[in-house]
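Have a look at the structure below before the remarks.
The values are calculated or read from the model by the stated rules, or taken from the named source; none is laboratory data. Only a predicted model underlies this, so the values are computations on that prediction, with no experimental measurement involved. Counting neighbours? That spans all protein chains shown, and the Cβs are built from the backbone with ideal geometry, glycine included.
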Amino acid sequence: MAANIVDAEPRTFTAKGQATRDRIVATAAALMFEGNVAGTSWEDIQKAAGVNASQLYHYFGDKQTLVRAVIAHHSRNLLASQQPLLSRLDSLDALRAWCDLLVEVQRQGDCKGGCPLGSLAGELGETSPDCRHDIAHAFDQWEASIRDGLRGMHQRGDLRPNADPDRLATAFLAAIEGGLVLIQLHRDTAPLEAALDTMLEHVSSLTVPRPTTPAPSRDSPRKPSTEDSTAKPPRTGRTPGDRLHGAA
């Protein structure tokens, strides 16, 4: 299972202090998601979180540290929101249920906002190496969970030997992120559904058909066994053939 996302600079606080810090991070995350990082000022966060400047500096020191805490916050929430399905993606049915969840979450949110990590990547990927590293690590954790399930299918023999679970996991994540960008623009889940359905169809094409033995029909003839041919008729007067064809 993928490791949990942790803050870039973990520190120990009292219970009250941790609650205050968590409130600041959640407030900053919401403001930056609704707007952007550059447009969210220190003063905006102070006012919305109900804290003063000294508290912000005490818990974070500077805006960059707060932004990295926001990345960790979004990472944890993103992974947690997909549980328990995300940790059990080891069958086609499980993959379908997970994909349905991803689409439903966007539908309930009116297709607004897109992916918080993707939005942060677009804004910070070229300007902050530390933030880019944190966001890449967050995506790696998400991809690892997908990969774990696909590897399970492969190791169990459900996927063909030439299937590449790692490549499939990367493709799934790319399909999700591309779909989220398009539904944000079109306010319609259709692009995400198309991307995920295509991935599911591809995985399905790589599965190994399992031979099934059809259950014998109650009316199908059966070659009598030695026991049948030598056994005495039952006391009811029914013959072995009656047992085969007439027994309820």
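In this structure, is A169 among the aliphatic types (A, V, I, L, M), within 18 Å of S87 (Cβ to Cβ) and out of contact with any Cys (no Cβ under 9 Å at 6 or more places or on another chain)?
yes
Residues that are of a type in the set (V, I, T): list the helices (runs of 4 or more DSSP H) wholly contained in the range 113-200 that include at least 2 such residues.
Counting at least 2 such residues, we get 129-155, 165-186.
Taking L56, is it crowded, with 18+ Cβ neighbours inside 10 Å and within 31 Å of the chain's Cα centre (by Cα)?
no
Criterion first (surrounded by 15 or more Cβ atoms within 10 Å (Cβ to Cβ), more than 27 Å from L66 (Cα to Cα), within 19 Å of the chain's Cα centre (by Cα) and polar (S, T, N, Q)) does T189 satisfy it?
Yes; evaluated as a whole, the condition is true for this residue.
Which of the following residues is touching a Lys or Arg at 6+ places or on another chain (Cβ under 7 Å), surrounded by fewer than 18 Cβ atoms within 10 Å (Cβ to Cβ) and farther than 24 Å from G39 by Cα: D166, D140, D130?
Selected residue: D166, the only one of D166, D140, D130 that is touching a Lys or Arg at 6+ places or on another chain (Cβ under 7 Å), surrounded by fewer than 18 Cβ atoms within 10 Å (Cβ to Cβ) and farther than 24 Å from G39 by Cα.
What number of residues within the range 180-208 are among the small types (G, A, S) and over 30 Å from R156 (Cα atoms)?
1
Could you tell me how many of the residues in the range 71-91 are more than 23 Å from M153 (Cα to Cα) and either in contact with a strand residue (DSSP E or B) (Cβ under 7 Å, 6 or more places away or on another chain) or hydrophobic (A, V, I, L, M, F, W, C) (or both)?
3
Could you tell me which of the residues P129, P161 is modelled with pLDDT of 95 or more and farther than 23 Å from A30 by Cα?
From the options P129, P161, the qualifying one is P161.
Of these, G178, G157, which one is on the phi > 0 side of the Ramachandran plot, outside the structural domain of L66 (by TED's automatic domain parsing) and surrounded by fewer than 20 Cβ atoms within 10 Å (Cβ to Cβ)?
Sole residue among the options that is on the phi > 0 side of the Ramachandran plot, outside the structural domain of L66 (by TED's automatic domain parsing) and surrounded by fewer than 20 Cβ atoms within 10 Å (Cβ to Cβ): G157.
Please verify whether S91 is in contact with a helix residue (DSSP H, G or I) (Cβ under 9 Å, 6 or more places away or on another chain) and within 23 Å of I135 (Cα to Cα), treating the condition exactly as stated.
For S91, the condition - in contact with a helix residue (DSSP H, G or I) (Cβ under 9 Å, 6 or more places away or on another chain) and within 23 Å of I135 (Cα to Cα) - is not met.
Checking G35 against (1) more than 22 Å from the chain's Cα centre (by Cα); (2) at pLDDT 95 or above; (3) not polar (S, T, N, Q): exactly one of these is not met. Which one?
It fails just one condition, (2).
Being without any contact (Cβ under 8 Å) to a residue 24 or more places away in the chain and either within 16 Å of L120 (Cα to Cα) or not in a loop (DSSP other than H, G, I, E, B) (or both) is the filter here, so list the residues in the range 44-66 that pass it.
D44, I45, Q46, K47, A48, A53, S54, Y57, H58, K63
Considering only the range 27-43, state which residues are surrounded by 15 or more Cβ atoms within 10 Å (Cβ to Cβ), among the aliphatic types (A, V, I, L, M) and part of a loop (DSSP other than H, G, I, E, B).
Listed by number, the list holds a single entry, V37.
Find all pairs meeting these conditions: Cβ atoms under 7 angstrom apart; at least six residues apart or on different chains; first residue within the range 194-221 and at pLDDT 65 or above; second residue of a type in the set (F, W, Y) and assigned to a helix (DSSP H, G or I).
M199/F172
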